[in-house]
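To start, the structure itself, in structure tokens.
Read-outs throughout are calculated quantities, based only on the coordinates presented, and are distinct from any laboratory measurement. Computed from a prediction, not measured in an experiment: that's the story for all the values here. All Cβ positions, glycine included, derive from the backbone under ideal geometry; neighbour counts span all protein chains shown.
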Amino acid sequence: MKYALIGCGRISTNHIAAAVRNEFDIVAVCDVVPERMEDVLAKHGLEDDPSISRYADYRALLAEHPELELVSIATESGKHAAIALDCIDARVNVIIEKPMAMSMADADEIIRRSEERGVLVSACHQNRFNVAVQRTRAALEAGRFGRLSHGSIHVRWNRNRNYYDQAPWRGTWAEDGGCLMNQCIHGIDLLRWMMGGEVVEVYGQTRQRFHDYLEAEDVGVAVLTFANGAVATVEGTVNVYPKNLEETLYLFGESGTVKIGGTSTNNIDVWDFADEKDGDAESQGLKEATSNVYGNGHTLLFADMADAIANDRAPYVDARAGRAALETVLAIYQSQRTGKPVRLPLVDCSTLDMVGEF
């Protein structure tokens with residue numbers, strides 16, 4: 001698999017690690033800051049590999065490497081959509097770090113153009129591959145929960161001034177959004193996916209309590225109503241003292257209850273079903289070791305994308321999944337701005353609509 005990485009910031013080491021573990025042929029890396037490219041390559045012993053080209057301009061990378069089969073985009077969020085569209089126009093398959101775009105218009109254009117050109121796009125919601133998440137999804141698809149009542153996602157993390165000072169785009173409406181868009185969107189993706197997918201109404205409130213040097217929110221809560229009648233709540237914040245506390249997903253059904261906990265939905269804290277099956281004892285108390293809050297899912301997501309390309313099928317986490325997560329966050333933002341519940345689907349909404357909110 002001929003692969004290149006665009007953007008060598010904080011999350012890029014997970015992308016390179018996934019490419020190495022899947023034995024991809026790393027053709028090139030790109031970043032406007034040369035030191036970042038060298039740093040991420042050095043972390044994986046690749047700094048002296050003469051076959052890996054370096055670029056400051058991703059357009060030159062695309063133009064000079066027509067053999068590319070897959071690119072992953074790990075730049076600041078506000079540049080994801082434009083870079084993805086250029087990759088699609090170059091007929092290169094794409095993995096886009098979350099969020100896939102900052103507006104519904106851009107997300108819809110990524111879907112439209114990729115389908116028109118026959119290019120595969122995967123949204124990088126890697127937590128879908130967590131062991132705890134996969135076991136819960138299997139139980140859900142087997143009908144073990146029965147009819148769902150409600151669910152919730154709690155992302156209770158810490159991000160201090162030092163984190164935001166590392167990159168000036170963080171916490172801006174043009175390039176990032178707030179804690180719901182940056183930190184909580186993985187959990188929102190899981191909640192929406194597990195609860196039935198189709199959200200029909202969102203009511204949300206967001207605040208900027210402790211990070212007045214940002215443009216965006218540092219805490220947000222919301223209530224989601226699903227087409228199947230179930231309801232769910234969202235709580236996301238970076239205001240937890242003194243460090244990350246949890247990313248926890250609850251699912252409540254008429255015949256099953258599951259709590260997925262840990263700092264990144266990587267443990268099963270509660271696993272109770274009316275019908276007992278082999279493996280239930282193993283699932284209760286499951287803990288998947290992770291080195292950071294990003295978990296282990298990038299490697300499996302990259303492997304799935306390679307298989308999707310080889311077998312001409314949709315990736316497990318496709319662009320429509322990325323759109324759904326984005327839509328949910330933007331609906332919460334729109335509800336905060338208007339003070340009213342928001343009906344979905346969203347047609348036209350962007351983080352830029354929130355400029356000046358705080």
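Label-to-label distance, ALA63 versus ARG10, with points set 7 angstrom from Cα along the beta-carbon direction: 3.3 nm.
Ignoring everything except DSSP H segments at least 4 long, calculate the 222 nm mean residue ellipticity for the chain; use -39,500 (n - 2.57) per segment, divide by total residues, nearest 500. Walk me through the numbers before you get to the answer.
On the way: 12 runs with 120 residues, N = 358.
Using -39500 (n - 2.57) per qualifying helix, the result is -10000 deg cm²/dmol.
Largest GNM mean-square fluctuation among GLU64, GLU109, GLU38, using the chain with Cα springs under 10 Å: GLU64. Once the Cα-Cα distance is subtracted from the 0.36 nm per residue extended length, the ALA142 to GLU35 segment shows a gain of 33.6 nm.
Multiplying the residue separation of ASP212 and VAL200 by 0.36 nm and subtracting their alpha-carbon distance yields 1.1 nm. Taking label points 7 Å from Cα along the Cα-to-Cβ direction, TYR163 and ALA42 give a separation of 2.6 nm.
Build a GNM of the chain with springs between Cα atoms under 10 Å apart, and of ALA81, ALA232, ALA90 the one that fluctuates most is ALA90.
In this simple spin-label approximation, GLU276 and GLN134 carry label points 7 Å from Cα along the Cα→Cβ vector, and these lie 2.7 nm apart. Springs between Cα atoms under 10 Å define the GNM used for the chain, and in it the highest mean-square fluctuation of GLU215, GLU97, GLU282 occurs at GLU282.
The slack in the chain from GLN284 to ASP353, taken as 0.36 nm per residue of separation less the alpha-carbon distance, amounts to 20.5 nm.
In the range 250-358, inverting the average of 1/r over every pair of distinct C-alpha atoms gives 17.7 Å as the Kirkwood radius. Positive end of the dipole of the chain (Cβ unit charges, origin at the Cα centre): among VAL155, CYS184, GLN336, the Cα lying farthest that way belongs to GLN336. Take every Cα pair under 8 Å whose residues are at least 6 apart in sequence, average their separation, divide by the length of the range 16-99, and the relative contact order is 25 percent.
Compute the separation of the alpha-carbon centres of the range 154-168 and the range 58-121 and state it in Å as a whole number. So the two Cα centres are separated by 27 Å. When the trypsin sites (Lys or Arg not before Pro) in the range 63-168 are filtered for DSSP coil states and for at most 15 other beta-carbon atoms within 10 Å of their beta-carbon, the remaining sites are ARG91, ARG147.
The order of the peptides 216-222, 251-257, 302-308, 164-170 by mean Cβ neighbours within 10 Å, most packed first, is 216-222, 302-308, 251-257, 164-170.
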